Amino acid sequence: MLNKQYLSNNIVYFIINNYHKYLTIKIIFIFMKQLYTSKKLAAVQQLYTLEAPYQSSRSNNDLFISAMAEITTWHYERNPFYRSLLNSRGYNPKNINNQSSLAELPVIHANFFKKHSIWSIKDESIKHIFTSSGTLGQKSQMAYDHASITAPFLMLNRYVSNLGWHTPNQACNYLLLSYQPTSENQTIGTSYTDHILCKYAPINKLTYALKLTGDGHAFDPFGSIQALLDYAQEGLPVRIFGFPAFLFFILDSMKKRGIAPIKLHPDSLVYLGGGWKNHADKQIHKISFYQEITKQLGISDLRIRDMFGSVEHCVPYTECSNHHFHIPVWAQVNILDLKTLKPLAYGQEGFLNLQSPYSTSAPVHNILMSDLAVMHAGQSCGCGISSDYFEIIGRASTKKNRSCAVAASEFIYPN
Ligand SMILES: [Zn+2]
């Protein structure tokens, strides 16, 4: 008999309710009072008021370049490290006025922020410091002021609305494949995002896959399975958010224990995030995993989506109906040659370079990730979205360079 371990912790509900209020207040009042304009970042402000995630046009592209020019100047004027970086390359932020001048803007490697805290704002303006959730490796730390934290959640709001997932009148049961909150782990980026996602439909019941124990967190596959079985009986839509590796292991445990497939409510959904490694360098194969979710939980492929993002670059890229990461209006993505860092053509493998001007707190608007990726022409997807999409191929990693997913998977397969 499996243990029934629903979470009914008032503190958790308090936190979620307060995040809900935080978002409501910040988005409606602060954003509407022109979050970036007060900082003389009018183009940045205008860019994040674009509501539809995909609206490729010349004017939106020009707006993006103007916004990148503004944010580059912002950091250049306030951040001595960034100013000396640009000066050492002979790069003048005032010269950003077209795509080719933007292409020359020096990148900063995401790993740089694992060792250095170089903020462009005063300490009193910092509202949150998030860390990636590495347990053994180096953690990235990233500071956010009001603007920098609000813009990513506005983008998330727009993705969720675009998918029709904002259902304030339909309560749901939740399985969060992430850390049960403590006073400390609220600063872990992935846990924070999972809690935020609970604001789009009222919570009926909530179960965490990573439960608090006396001395930390422990993965609770059987509590998670029992929750899913109970949710199936109850019949409300179920929302599953968080690390793919945990759902992979939960489904695997169901099969090994001979538990028959269940049929969750047709409006149930799975929104994953945090990386696709299950242990060390083993990659979970996405599409066959999605097929397994449909088979074992009865959730349609259309309602299974992955999100890609990081604490250094918080644009929440969300899969289309064909499971591709198309580039939204708020970002530009390039694939750079491993040696020369020059942009590559479609289909060529290189480093992932992500651009978005949302952060006034740190110079992360043009960042080089450790991920290896290729770019594809938007039309080749066939989902109807015309902007290009990128595909993550792997990670140029060492043991020291650990993702949230690998760190979290240590709860599944302890070394
Ligand atoms: Zn597509």
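Conditions (1) crowded, with 16+ Cβ neighbours inside 10 Å; (2) outside any strand (DSSP E or B); (3) free of Cβ contacts under 8 Å to residues at least 24 places away in the same chain, marked per residue:
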position: VAL329; (1), (2), (3): yes, yes, no
position: LEU338; (1), (2), (3): no, yes, no
position: LEU354; (1), (2), (3): yes, no, no
position: PRO357; (1), (2), (3): yes, yes, no
position: PRO363; (1), (2), (3): yes, yes, no
position: MET375; (1), (2), (3): yes, no, no
**Fill in**
Over region 360-376, the set of residues modelled with pLDDT under 95 and over 30 Å from THR150 (Cβ atoms) is LEU372
**Matching residues, region 377-404, being closer than 20 Å to THR318 by Cβ, modelled with pLDDT under 95 and buried (at least 23 other Cβ atoms within 10 Å of the Cβ)** = CYS404
**Request:** Mind counting the residues in region 232-252 that are over 24 Å from LYS199 (Cβ atoms) and surrounded by fewer than 15 Cβ atoms within 10 Å (Cβ to Cβ)?
**Result:** 1
**Checking SER321 against (1) within 15 Å of the ligand (Cβ to nearest atom); (2) in a loop (DSSP other than H, G, I, E, B); (3) without any contact (Cβ under 8 Å) to a residue 24 or more places away in the chain, the condition it does not meet** = (3)
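If you scan region 51-101, which residues turn out to be part of a loop (DSSP other than H, G, I, E, B) and either at positive phi or of a type in the set (Ser, Thr, Tyr) (or both)?
Keep residues of region 51-101 that are part of a loop (DSSP other than H, G, I, E, B), which gives 51-57, 79, 89-92, 96-98.
Within region 51-101, TYR54, SER56, SER57, GLY90, TYR91 meet the criteria.
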**Asked** Which residue pairs have Cβ atoms under 6 Å apart, sit 6 or more places apart or on different chains, and have a first residue in region 224-251 that is under 18 Å from ASP301 (Cα atoms) and a second that is among the β-branched types (Val, Ile, Thr) and modelled with pLDDT under 95?
**Response** PRO244/ILE284; PHE248/ILE284
**Message:** Being over 17 Å from TYR174 (Cβ atoms), more than 16 Å from the ligand (Cβ to nearest atom), modelled with pLDDT under 90 and surrounded by fewer than 21 Cβ atoms within 10 Å (Cβ to Cβ) is the requirement here; does GLN283 meet it?
**Reply:** yes
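The values are calculated or read from the model by the stated rules, or taken from the named source; none is laboratory data. This structure is a prediction, so every number in the text was calculated from the model and none was measured. Here the Cβ is made from the backbone with ideal geometry for all residues, glycine too, and neighbour counts use every protein chain on show.
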